[in-house]
Amino acid sequence: MPVYLKDINEFPELKKFESILIVPCRFCPAASLAVRRNKPYFEFFRRFLKTASYEQLIETIKSNLEKKGVKTDVFKSKLLHQFVVCMWTSRRRKKLSEHARKYEALVVLGCEAAVQTIHDSVKSTSCKVFQGMRSEGIMTVKPSFNLPCNISLELDKIIPLVHQNENSVPWVSL
């Protein structure tokens, strides 16, 4: 039951920053993009545990910020237990806090739980935390296996969030 997320295309709040760290969750956002673009979730032999459509989004955001002269990097997660931001260990949170000290702002690609996890992790820094995706609901999906070892997700339903408000502001700055 991954959260269905939509990426936010405009980043006007980031204009005042000279350095931004992108912090991606690798579960719900990747599943959302794979479903929306009708692309494989995982292509084990080509990208191992990375979702091509999600990696393209991350690279586009990074590139767009760099074109504006912003120092940008992506906080990478290489181990499976680090992929889901809302389930990070205290050690992983500490590593982010240390790395984040080099940046003025962080853009979290994930749900509200991911944003809160990142915010709590960098409290001791002066970094501003922004949500780069908007939760639309919870999706039910049907996984399928295709040769050569690809996993795809077929969207069954998106169950809207009960508390969702059409007039809410998509960016959260904590």
>> Quick check on the chain: what are the equivalent-ellipsoid semi-axes from the Cα gyration tensor, as sqrt(5λ), descending, whole Å?
In response: 26, 19, 16
>> List the residues, sorted by chain then number, that are 5 or more residues from LYS128 or on another chain and whose placed amide H is less than 5 Å from its amide H.
In response: ALA105, LEU106
> Taking Cα atoms, how many degrees apart are the long axis of helix 52-67 and the longest axis of the chain, rounded to 10 and kept between 0 and 90?
Replying inline: 20
> So for region 57-109, Kirkwood radius off the Cα pairs, Stokes-Einstein at 37 °C and 0.692 mPa s: how many µm² s⁻¹?
Replying inline: 265
> So what is the calculated 222 nm ellipticity per residue for the chain, using -39500 (n - 2.57) for each DSSP H run with n of 4 or more, over all residues, to the nearest 500 deg cm²/dmol?
Replying inline: -8500 deg cm²/dmol
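Read the figures in this text as sums done on the coordinates, not as results from a lab. Source: prediction; values computed, not measured.
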